[in-house]
1. Which pairs have Cβ atoms under 9 Å, sit 6 or more apart or on different chains, and link a residue in the range 134-160 that is more than 13 Å from Asn37 (Cα to Cα) to one that is modelled with pLDDT under 95 and surrounded by fewer than 13 Cβ atoms within 10 Å (Cβ to Cβ)?
2. Are any of the residues in the range 66-78 within 28 Å of Thr32 (Cβ to Cβ) and either without any contact (Cβ under 8 Å) to a residue 40 or more places away in the chain or within 11 Å of the ligand (Cβ to nearest atom) (or both)?
3. Does the range 79-110 hold any residues that are part of a helix (DSSP H, G or I), over 14 Å from the mean Cα position of the chain (by Cα) and within 9 Å of the ligand (Cβ to nearest atom), and which are they?
4. If we keep just the residues of the range 125-153 that are part of a loop (DSSP other than H, G, I, E, B) and near the ligand (Cβ under 9 Å from one of its atoms), which is modelled with the highest pLDDT?
5. Can you spot a residue in the range 139-147 that is in contact with a His (Cβ under 8 Å, 6 or more places away or on another chain) and not aliphatic (A, V, I, L, M)?
6. Please report, ordered by residue number, the helices (runs of 4 or more DSSP H) entirely within the range 6-78 with at least 2 residues that are modelled with pLDDT of 80 or more and closer than 25 Å to Glu130 by Cβ.
7. Looking at Ala113, Ala122, can you tell me which residue is at pLDDT 95 or above, within 13 Å of the ligand (Cβ to nearest atom) and either of a type in the set (Asp, Glu) or in a helix (DSSP H, G or I) (or both)?
Amino acid sequence: MRRLGVLLALAALAGCSPKQSSPVAAAARFNTDIPINEVMAHVMDPAADQFWAGMGTSYTVEGERDLSPKSEAEWKRVEDGAATVVLATNSLMLPGYARAPVADWNRHAKDVADVAIRAKAAVEEKDLAEMKVISEELDHACEACHKQFSPASAKPFTAIIPPPPRRN
Ligand code: HEC
């Protein structure tokens, strides 16, 4: 009987107390339904590719082709890629995606974000030489996480500019 009284008192208190939780935290319902390998395949990798596609040279039988952006729309596309990589790293750090040891995981995500922020700035400056340097750094930053957390996804570093085709 006494216990019931206490419970009723608690219930009354709970009912009257103002909401104390942070409105931001209470409103946030992050969606992590897409598994991490698909986040990589559909968000991270295409975004990085969009940045990587903005430089280099393709070699075909017709000869060499400069792949650098030619119009404002093409420059924007390359910058969009870098910006998307930055934002995607935030998602990687969400509970539901982050893997233990979380400090290492988050450090790799931040390393990728730091490189991608510089990538975006270099695109804004249309600094192709800097973009080429950064594109290798970006590849290494991605691979550092793969080496620790997904050895199966880690690939040996591949040169951005492929060698010309062999002529026999
Ligand atoms: C914080 C860690 C982390 C970072 C940073 C990261 N990845 Fe990944 N990535 C993973 C993990 C973990 C997997 C394997 C997922 C699994 O276990 O199935 C993966 C898998 C992949 C795959 C294979 C996906 C598939 O189809 O299975 C690709 C491609 C990929 N990552 C690209 C990238 C690129 C490009 C970047 C950088 C721009 C990047 N990743 C940055 C953790 C990371």
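The values are calculated or read from the model by the stated rules, or taken from the named source; none is laboratory data. Since this is a predicted model, take the numbers as computed values, not measurements. Counting neighbours? That spans all protein chains shown, and the Cβs are built from the backbone with ideal geometry, glycine included.
1. Here the result reads Glu136/Phe157; Glu136/Ala159; Asp139/Phe157; Asp139/Thr158; His140/Phe157; Glu143/Lys155; Glu143/Pro156; Glu143/Phe157, each pair linking the range 134-160 to a residue that is modelled with pLDDT under 95 and surrounded by fewer than 13 Cβ atoms within 10 Å (Cβ to Cβ).
2. First, pick out the residues of the range 66-78 that are within 28 Å of Thr32 (Cβ to Cβ): 77.
Going one step further and asking which of them are either without any contact (Cβ under 8 Å) to a residue 40 or more places away in the chain or within 11 Å of the ligand (Cβ to nearest atom) (or both), we end up with 77.
Within the range 66-78, one or more residues are within 28 Å of Thr32 (Cβ to Cβ) and either without any contact (Cβ under 8 Å) to a residue 40 or more places away in the chain or within 11 Å of the ligand (Cβ to nearest atom) (or both).
3. Result: Asp104, single match.
4. Our first condition is that a residue be part of a loop (DSSP other than H, G, I, E, B); within the range 125-153, this holds for 125-127, 150-153.
With near the ligand (Cβ under 9 Å from one of its atoms) added as a condition, the list becomes 150, 152-153.
Values: Ser150: 92, Ala152: 82, Ser153: 75.
Taking the candidates together, the pick is Ser150.
5. The first filter runs over the range 139-147 and keeps only residues in contact with a His (Cβ under 8 Å, 6 or more places away or on another chain), leaving 141, 144-145.
Imposing the further condition that a residue be not aliphatic (A, V, I, L, M) reduces the set to 145.
Within the range 139-147, one or more residues are in contact with a His (Cβ under 8 Å, 6 or more places away or on another chain) and not aliphatic (A, V, I, L, M).
6. Numbers: elements: 23-27, 36-39, 45-52.
Filter on the range 6-78 gives 45-52.
7. Numbers: Ala122 fails: within 13 Å of the ligand (Cβ to nearest atom).
None of the others qualify; the one that does is Ala113.
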